[in-house]
């Protein structure tokens, strides 16, 4: 098992060496570290994948659950074009302010809306407003992952794409001796992303795991 882990780590390092971050993304990570924010931004390779997926799908209305320092927000905004919008939900106002500054620096300030507070409340507000989205990125508190998935499906346009990070919980999801609430919820989330009849989805095992699913058209 240790040999497999070593090979996986080497593969990720190799991929990261090719998926080089630009100066702005590197600076965002430095700011996050300096501000003692959690060092949990999406992996560089997956960041580029977010840009690619948004551009490939032609998504114009993007919903991000969990802003942190704006790293993933910029990755998605780079794929949405000048007529796209990013709505970002963040619990902490200080984190949202860091993300806001970075999105402005990246040139997307006028295309981004931040909603501060519990994401489940913000999602309910968006539903009441009649908002729908083409692309979702879930990267927030794991205890609400199933709630976020249900709401994303409710708020989705036909053919919308849902992406979620941290499916492996740094290996805890794979350890059958670990059965805490967050672990059980993420396991069920993973099962639903792969098997829910409303979705066409798959799971990627690199880094800390990523799920990608398309909401089936009615």
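Values in this text are rule-based calculations from the coordinates and carry no lab data. Keep in mind that this is a model prediction, so the values were computed, not measured. Glycine also receives a Cβ, built like all others from the backbone with ideal geometry; neighbour counts cover every protein chain displayed.
Counting other beta carbons within 10 Å of each Cβ, put 135, 189 in order, fewest first.
Numbers: 135 27, 189 23.
By the 10 Å Cβ count, ascending, the order reads 189, 135.
Please work out the C-alpha center-to-center distance from the range 159-187 to the range 62-83 and express it in whole Å.
23 Å
Could you check the simple spin-label distance between residue 39 and residue 101, using points 7 Å along Cα→Cβ, in nm with one decimal?
2.0 nm
Mind pulling up the Rg/Rh value for the chain? Radius of gyration and Kirkwood radius, both on Cα. Don't skip to the end; give the middle numbers.
Working: Rg = 16.6 Å, Rh = 17.6 Å.
We get a ratio of 0.95 for the chain.
Expressed in nm to one decimal, what extension gain is obtained for the pair residue 15 and residue 203 from 0.36 nm per residue of sequence separation less their Cα-Cα distance? Could you put the intermediate results ahead of the total?
Details: separation 188, 0.36 × 188 = 67.68 nm, distance 1.80 nm.
Contour length minus the Cα-Cα distance gives 65.9 nm.
Ranked by Cβ crowding within 10 angstrom, fewest neighbours first, how are 102, 33 ordered? Please report the intermediate quantities before stating the final value.
On the way: 102 25, 33 12.
Result, fewest neighbours first: 33, 102.
Taking neighbour Cβ counts within 10 Å as the exposure measure, how do 9, 41 sort from fewest upward?
Ascending Cβ contact count within 10 Å gives the list 9, 41.
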